[in-house]
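The values are calculated or read from the model by the stated rules, or taken from the named source; none is laboratory data. Please read all numbers here as calculations on a predicted model, not as lab measurements. We place every Cβ from the backbone using ideal geometry, glycine too, and count neighbours over all the protein chains shown.
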Amino acid sequence: MIGWIKELFHRSYQRPKGILLYSSVQQVILVNKLLVGNGFQTRLVAPPPEVRVGCDLAIEFELIEQEAIETTLRQENYRPERIVSTKEMLPDILRVSRMTEVGDFVMCTTGNMKITIDKKEHRIVNISGGGCPDIPYVAHQLQGTRIEEASNPIDIGNSLCTFMLQMSFDALKEAVKRQ
C-alpha cells in the first residue's frame, strides 16, 4: 500500500507548478472559485515568505495552464499582484538558513523545513515544517535513524518540501563528518 501512495505523490509533483499571489485572503478565495468554475485544477497553498505580497495564501496551478489562466483573469479583471513558478522560487528559498544547537540536539533549517539530530548518536529525532503531503511519510521513514546511515529524503519523497529537507539533511551530514 505504501508503494501506491508514494507513486501517487510522485505523479502529482512531476508537472511544474506556479502560484498566483494576491494581497488579501478574500481575493485569493474569490479568484480560486472563479478559476475552478472555469474548469482549472487549482489548489490553495501557503506561499513561501520570500515571495508573499501581503497574504499568506496563494493559488497553485499547473504551469502549462498559465497562459489560459492569465487570459481568464484579465477578462474578469482579477490580475494577480505576482505570478511565480516553483523554478523561480528555488533560488530564494533553497538555502540553509541556520544551524541551531539546543542542549544535546542540533537543528538545521532550510526554507520552512527543519531536521533535528541528537549530538551523541546522530539520530534523527524530529522532522518538521512544510505542507507537502509526503512529509509525514518521509519523517516516519527517517526518524530514529542515524544520519550517516539514513536514506536521502529525496529518495523517499518527491515534493519541494522534501527537496528543502534534503538540503538540511546534507548540511547536517556534512557537519557530522567535520566533527
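Residues in segment 97-130 that are without any contact (Cβ under 8 Å) to a residue 40 or more places away in the chain and part of a loop (DSSP other than H, G, I, E, B): 6 in all. Note on segment 61-88: residues that are assigned to a strand (DSSP E or B) and surrounded by fewer than 17 Cβ atoms within 10 Å (Cβ to Cβ) amount to 3. Just give me the residues in segment 138-179 being assigned to a loop (DSSP other than H, G, I, E, B), at pLDDT 90 or above and under 18 Å from Met99 (Cα atoms), in sequence order. Once the filter is applied, which keeps residues that are assigned to a loop (DSSP other than H, G, I, E, B), at pLDDT 90 or above and under 18 Å from Met99 (Cα atoms), segment 138-179 yields Ile147, Glu148.
Contact map, segment 24-43: first residue closer than 16 Å to Thr71 by Cα, second residue part of a loop (DSSP other than H, G, I, E, B) and aromatic (Phe, Trp, Tyr), Cβ cut-off under 8 Å, separation 6 or more or different chains; pairs are Val31/Tyr22; Val31/Tyr78; Leu34/Tyr78. Whenever a residue of segment 131-159 is among the aliphatic types (A, V, I, L, M), its partners that are in a loop (DSSP other than H, G, I, E, B), lying with C-beta atoms within less than 6 angstrom and at least six residues away or across chains, give the pairs Val138/Gly157; Leu142/Ala150; Ile147/His122.
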